[in-house]
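**Student:** I have a structure I would like to understand better, so I am pasting it below and will then ask my questions one at a time.
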Amino acid sequence: MSVSRVPSAKDRLNFLYPEGGPGQQLKARLKAKQVQIGGILDEYARPIVPKLYQQAGFDFVYIEYEHASLSPPDLVDTVLAARDIGIPVIAKTPQLERQEVAKLLEMGVVGIQLPRTESRVQVEELRSYMKFPPGGTRAVAPGYGNSDYVQPSPSNWDQWMVNQDAEVTLVVHIETKLAYDRAEEIISTPGVDMVYVGPGDFSIEMGHPGDYGHPEVADPMEEILKICQNHGIPFGTTAADASSAAKWVEKGALFFETEDERALILSGATQLVNAYRKSME
């Protein structure tokens, strides 16, 4: 009687991530000009959220960790749940600090998004925390969520570090006038993988709070998009609505951080209640 072989952890990862891993999957799809749509998580860090987001069709999860108060154990469980179903996770780091970045990467987050990026020096510092020597200063901690708890063999550490370096994704977050003025300097920094412009804070900085379509907000954003295109870096933002997103895609945007679970619950619940009320008129 033949006994079927139980798939190894490596087999499972190859099935979920044919490009090599969640970070490499995200970068490969952006390189192929496949627009990636991300669902935001900022209040309810539970494994159910990425699972529902996957069913909805989201391509990645973006964790708003700058403003939200999320417990580390819940965050770890949520990130691992996303990895287990083929969903890459980007997280905004609360601060540019080595240990904070290391913890996010080791729990399985692949993208680190730096809020209020305003200089090349900041980008270089973040890159250093994300990459192993000689390209950076990241400390080795094998066998955590970033490698799905698979330990490298003693003879395979070099390749393991190469693979991990390929997985991490550095996301610049432009949301100030100073960052706009320095956009060329920031975006051209070696190691930048994605550039996100946050229209909320950016519109405030440009003197038109909440008016994403105002020329003094939208035009500078388009300038940033063109700088990204010149350097081959994917540009993303948050669109006011689907029609606005379509216009950004026509201009060359490749990813969106859309709505969080609070907004999605409110929207879905409101539609349901309104439909019931209307049916009873």
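**Student:** From the list (1) 44, 18, 16; (2) 31, 26, 17; (3) 40, 18, 16, can you say which value of semi-axes √(5λ) of the Cα gyration tensor in Å was derived from the structure given?
**Tutor:** Calculated semi-axes √(5λ) of the Cα gyration tensor in Å: the matching label is (2).
**Student:** Straight-line reach only, C-alpha to C-alpha below 19 angstrom: list the lysines that Lys247 could link to, leaving out same-chain residues fewer than 8 apart.
**Tutor:** Within the straight-line cut-off, Lys247 pairs with Lys33, Lys226.
**Student:** Can you compute the modelled spin-label distance between Ala139 and Glu184, with each label point 7 Å from Cα toward Cβ, in nm?
**Tutor:** 4.0
**Student:** Which value in deg cm²/dmol, rounded to the nearest 500, describes the helix-derived mean residue ellipticity at 222 nm for the chain, given -39,500 (n - 2.57) per DSSP H run of n ≥ 4 and division by the residue count?
**Tutor:** Numbers: 13 runs with 135 residues, N = 281.
Per the formula, -14500 deg cm²/dmol.
**Student:** Given labels modelled 7 Å from the Cα in the Cβ direction, how far is it in nm from Glu43 to Gln151?
**Tutor:** Modelled inter-label distance: 4.2 nm.
**Student:** State the extension gain, in nm to one decimal, for the chain segment bounded by Asp211 and Asp158, taking 0.36 nm per residue of separation less the distance between their alpha-carbons.
**Tutor:** On the way: separation 53, 0.36 × 53 = 19.08 nm, distance 4.92 nm.
Once the chain is fully extended between Asp211 and Asp158, it gains 14.2 nm.
**Student:** A follow-up question, please. Taking trypsin sites (Lys or Arg not before Pro) as exposed when DSSP calls them loop (any state but H, G, I, E, B) and at most 13 other Cβ atoms lie within 10 Å, what is the longest stretch of the chain free of them, the sites themselves excluded?
**Tutor:** Details: sites that count: Arg5, Lys33.
Result for the longest clean stretch: 34-281.
**Student:** Please find, in a Gaussian network model of the chain (springs between Cα atoms separated by less than 10 Å), the residue of Leu126, Leu80, Leu70 whose mean-square fluctuation is greatest.
**Tutor:** It is Leu70.
**Student:** Report the FRET efficiency, 1/(1 + (r/R0)^6), for His231 and Asn274, where r is their Cβ-Cβ distance and R0 is 51 Å, rounded to 0.05. Can you show the working numbers first?
**Tutor:** On the way: r = 46 Å, r/R0 = 0.90.
Result of the calculation: an efficiency of 0.65.
**Student:** So between Asp219 and Lys33, what do we pick up on full extension, going 0.36 nm a residue minus the alpha carbon distance? Can you show the working numbers first?
**Tutor:** On the way: separation 186, 0.36 × 186 = 66.96 nm, distance 2.26 nm.
Difference between extended and current length: 64.7 nm.
**Student:** Would you please state which residues of region 55-72 a label at Ser267 would reach in this model, taking the label point 7 Å out along Cα→Cβ and a backbone N cut-off of under 14 Å?
**Tutor:** Once the point is set 7 Å along Cα→Cβ of Ser267, 56-59 turn out to lie under 14 Å by backbone N, inside region 55-72.
**Student:** Report the dimensions of region 68-212 along its three principal axes from the alpha-carbon atoms, largest first, rounded to Å.
**Tutor:** Principal extents (Cα only, largest first): 55, 33, 24 Å.
Taken together, the values in this text are just the output of simple stated rules run on the coordinates, not laboratory data. Since this is a predicted model, take the numbers as computed values, not measurements. Methodologically, a virtual Cβ is constructed for each residue, glycine included, from the backbone with ideal geometry; neighbour enumeration extends over all protein chains shown.
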